[in-house]
Amino acid sequence: MMNDTELLAPIRPLAGVEIIMSCMHSLMRGTSQATQVLHTSCILPFDAYLDASQKLLTEFPILGACIREYEGKAWFFSGANCRDIPLVSEMVSDSHEEERCIRTAVDDPLAQESSLWQIRVLTVNGESTTKIVMTFHHAILDGHGLSVVGTRFLHYLDNFQQGGTEEVAIRKFPPSINDFLSEKSSILPHEPVAPLPYEVAVPIKNRRTAWKSMLIDRTLRECIETRAKEDNLQYNSVLSAALIKAISDNRLYEEPMEFKSAVSLRIYEDMESIETSSLGCYMGISSMRQVARNKSVTEIAKAYQIGLVKDSLKRCFTKTHYSSQDIYRTMATSLESEEFTGGVGVTNIGDISIPRDYCHFELLDYFTTVNRIGGTYMVVVHLYKFNDIDTIQFVYPEPLTSEEKIDKLIQSFRYHVTYADRSAGFEEKIESSSTYSF
């Protein structure tokens, strides 16, 4: 009798960061999946969402893939059982139940052996708006892809309401990231750091993703950008430096601390052949040691920016030849340590460029987060911009990291971001941080 893997067709082996995401997902119950919430101004018939989902699946063949082990490696497979539309529509009683459903979407792991995405359509009884909750495996989608799939899905919804019979252009299956990277550099591992122990050890199944969001309005953003320009710094370097300084203030790590940054490889000149509208995970993880004590935010930002460029050139733009078994063993050992071995991370998702206005509805609001229940990171900070407003989101694993610690971290972070622009008189321009309420 054939098993179901024999009924599937192998597409290509996973490579680089795809392997890391697959192993994280398997070991840490979905800790490598991203969820975005599109809040729209009307309720459409179920057929509209089904049609849009089907067209999304047709346009992007990678959505019809799954991940399986094959000849000792992790591979993308395709097959009829991967073509089912993972769409759920729910009417919920109130906003509390709606929030519970969204949190479930964030924390419930996708079954990567059968599907790499899911869409939930949530409507609160008696209300006239809808939340579209889209969850994707991180091996098939990076920050750029969030805007792509959100834009295309809303476009197909609007087209359905207009009675259109648009022909769908089919994209290529995203090529392997290793097709674009260098073989040149050998990377020496860092000496191990002394990570912060978990405050309480709990099984993976009992860990939750928690987050608190902080907004930066346009005025303060312009001030930070001006200051960064004067010091020949990037905007995100200033924000990362403020985070490093805040971690030092609260003594959350022994220094030097392990600080990791997600780096988009789409800017790499050899990757220009990748379609702008292509999905795929084209990123690397830059890892640096940071010392903040007795340094200003500007000094830290300069060291961070220089280190990011140097480390990225050596690490992120170089092929990795680790097998999925090697990565799996390393991660399993990390989880057994009951320490935050991943350190602290920062991800710049960028500008969420999903249009807001459509013929039959409006995109009222947007939210995104990445599942971090695995617990190897004490906190990961995500930066993204929607509707000309920056969101700085602190994502952490409960109960491994306490809310009290995050509150203190945010307070210090706010102080250092504000301090960098105090001379401009904008101390109060950062809105108070709070848990995101849907």
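Please treat every number below as a calculation from the coordinates, not as lab data. All figures in this text were calculated on a predicted structure; none of them were measured in a lab. Using ideal geometry, Cβ is built from the backbone for each residue, glycine included, and neighbour counts are taken over all protein chains shown.
Using the Karplus relation 6.51 cos²θ - 1.76 cosθ + 1.60 with θ = phi - 60°, the per-residue 3J(HN,Hα) values for the stretch 229-240 come to 5, 4, 9, 6, 10, 7, 3, 5, 5, 5, 5, 5 Hz, with x marking Gly and Pro. In units of the compact-protein estimate 2.2 N^0.38 Å, the stretch 17-61 shows a Cα radius of gyration of 1.63.
Counting beta carbons within 10 Å around each of Ile132, Ile11 and listing the fewest first gives the order Ile11, Ile132. Of all DSSP beta bridges confined to the chain, the antiparallel ones make up roughly 75%.
Legend: residue pairs Lys131/Lys319; Lys131/Lys385; Lys205/Lys260, Cα-Cα distance threshold 28 Å; pairs beyond threshold, Lys131/Lys319. For Rg/Rh (Cα atoms, Kirkwood Rh), the value computed from the atomic coordinates appears in the list (i) 0.97; (ii) 1.00; (iii) 0.95 under label (iii). Applying 0.36 nm per residue to the separation of Ala111 and Thr165 and subtracting their alpha-carbon distance, the gain on full extension is 16.2 nm. Rounded to two decimals, the Cα radius of gyration of the stretch 4-176 over 2.2 N^0.38 Å is 1.05.
Placing dummy labels 7 Å off each Cα toward the beta-carbon, the span from Glu338 to Thr104 is 3.2 nm. Summed over qualifying helices (DSSP H, 4 residues or more, each -39500 (n - 2.57)) and divided by its residue number, the chain shows a 222 nm mean residue ellipticity of -9500 deg cm²/dmol. What the Cβ-Cβ distance of His96 and Glu254 gives, at R0 = 45 Å and to the nearest 0.05, is a FRET efficiency of 0.65.
Determine, for Cys101, Cys281, the number of other Cβ atoms within 10 Å of each Cβ, and report the residues in order from fewest to most.
Details: Cys101 17, Cys281 26.
Ascending Cβ contact count within 10 Å gives the list Cys101, Cys281.
In this structure the amide hydrogen of Asp231, modeled in the peptide plane, comes within under 5 Å of no amide hydrogen from residues 5 or more places off or on another chain.
Taking other C-beta atoms within 10 angstrom as a stand-in for reagent exposure, Cys223, Cys23 fall in the order Cys223, Cys23, fewest first. Towards the positive end of the charge dipole of the stretch 275-326, with charges on Cβ (+1 Lys, Arg; -1 Asp, Glu), say which of Tyr322, Tyr282, Gln305 has the farthest Cα. Sorting the options by dipole projection puts first Gln305. With the simple model of a label 7 Å out from the Cα in the direction of the Cβ, Leu7 to Val202 spans 3.8 nm. Here the stretch 296-381 is treated as a sphere whose radius is the Kirkwood value from Cα pairs; by Stokes-Einstein at 10 °C and 1.306 mPa s it diffuses with a coefficient of 93 µm²/s.
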